[in-house]
1. As an exercise: evaluate residue 72 against (1) closer than 17 Å to residue 179 by Cβ; (2) touching a Lys or Arg at 6+ places or on another chain (Cβ under 7 Å) and give the number of the one condition it does not meet.
2. Report the residue count in the range 12-35 for those that are touching a residue at least 60 places away in the same chain (Cβ under 8 Å) and surrounded by 17 or more Cβ atoms within 10 Å (Cβ to Cβ).
3. Are any residues in the range 27-70 hydroxyl-bearing (Ser, Thr, Tyr) and either within 21 Å of residue 190 (Cα to Cα) or not in a loop (DSSP other than H, G, I, E, B) (or both), and if so, which ones?
4. Out of (1) exposed (fewer than 15 other Cβ atoms within 10 Å of the Cβ); (2) under 17 Å from residue 235 (Cβ atoms), the odd one out for residue 45 is which?
5. Taking the options 151, 163, name whichever one is of a type in the set (S, T, N, Q) and touching a residue at least 40 places away in the same chain (Cβ under 8 Å).
6. At positive phi and in contact with a Leu (Cβ under 6 Å, 6 or more places away or on another chain), is that true of residue 174?
7. Name, by its number, the condition in (1) surrounded by fewer than 22 Cβ atoms within 10 Å (Cβ to Cβ); (2) of a type in the set (A, V, I, L, M, F, W, C); (3) within 24 Å of residue 220 (Cα to Cα) that does not hold for residue 61.
8. Out of the range 168-190, which residues are surrounded by fewer than 20 Cβ atoms within 10 Å (Cβ to Cβ) and not in a strand (DSSP E or B)?
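The values are calculated or read from the model by the stated rules, or taken from the named source; none is laboratory data. It should be emphasised that the depicted structure is a prediction, and the values quoted were computed from it without experimental measurement. Glycine also receives a Cβ, built like all others from the backbone with ideal geometry; neighbour counts cover every protein chain displayed.
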Amino acid sequence: MKISEITAEIIHGKGYVVLPDLLSLKETTAARNLILQLAEQEKQHDKLIIEGKKERLYGLIYKGDVFTNLVQDKLIISVIEAIIGKDAILGGFSAHILHPGAKRMGIHVDYPYWAMPSPFPKYPILELQVIWMMEDFTADNGAPLFAAGTQNLATQPNKKQFQKTAEKITGTAGSAVISHGLCWHDTSENKSDRPRVSLLGNYTPQYVHPLENNLFDHQPATIQNASPKLRKLLRHTWMSKADPIYGMRFIK
């Protein structure tokens, strides 16, 4: 699909697009294994967020090149900047682990919309979410549920309507889902016999307060060696000495 087709589907169509096989199976498997290894390490230091059979792992930007590469994937960033604009930042990036028996999270819209009163503003678009599939997403292992077209309603989710229209989004390891923050969605139950692992990226305009603390587990070397794009996503872009300190431009 062309960038224009992807953005049209996200804004006016279903509200989400699946981009298949952006990573090889080898790359995805290595990333998945690293996430599970890091989760075990974080658990020992009480830094892993555990809610029943669900776990969240933060600070990934500083825990491996694979993660810094994913948040600035060229195709993903092209779509995000086409919708949000060149000022897009990374509002959050974490791993989501659904262990066997994990229940549904609950129907929701994404931040910052859930922190605002409904009905929500349709424009400007305040958030896009990227779900990286660290393994095949199947009908049985907790694949996300999306209610197509609900971003156009710009309201809090309606449970009955969601149950009637929501579909499970399945795909192969290494694929990614980009979705509009207003599109109603949920996780499904993990009825399989192994953990289902994903990565969740939250992208917003620079004027939206980030969902997560991107300095969690901060490692200075990561910023020092970061590409200009990653520095910008993490709000570490330094202005030149010739620029005004606030970056304001006046019309003369």
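1. Answer for residue 72: the failing condition is (1).
2. Initially, the range 12-35 is screened for residues touching a residue at least 60 places away in the same chain (Cβ under 8 Å), giving 12-25, 27-29, 31-32, 35.
Now narrow it down to the ones that are surrounded by 17 or more Cβ atoms within 10 Å (Cβ to Cβ): 13-19, 22-23, 28, 31-32, 35.
Residues that pass the stated criteria total 13.
3. At the first step, the residues of the range 27-70 found to be hydroxyl-bearing (Ser, Thr, Tyr) are 28-29, 58, 62, 68.
Of everything in the range 27-70, those that are hydroxyl-bearing (Ser, Thr, Tyr) and either within 21 Å of residue 190 (Cα to Cα) or not in a loop (DSSP other than H, G, I, E, B) (or both) turn out to be 28, 29, 62, 68.
4. Residue 45 satisfies all of (1) exposed (fewer than 15 other Cβ atoms within 10 Å of the Cβ); (2) under 17 Å from residue 235 (Cβ atoms) except (2).
5. Working: 163 fails: touching a residue at least 40 places away in the same chain (Cβ under 8 Å).
From the options 151, 163, the qualifying one is 151.
6. On the way: at positive phi: yes; in contact with a Leu (Cβ under 6 Å, 6 or more places away or on another chain): yes.
It is true that residue 174 is at positive phi and in contact with a Leu (Cβ under 6 Å, 6 or more places away or on another chain).
7. Checking residue 61 against (1) surrounded by fewer than 22 Cβ atoms within 10 Å (Cβ to Cβ); (2) of a type in the set (A, V, I, L, M, F, W, C); (3) within 24 Å of residue 220 (Cα to Cα), the one that fails is (1).
8. 170, 172, 189
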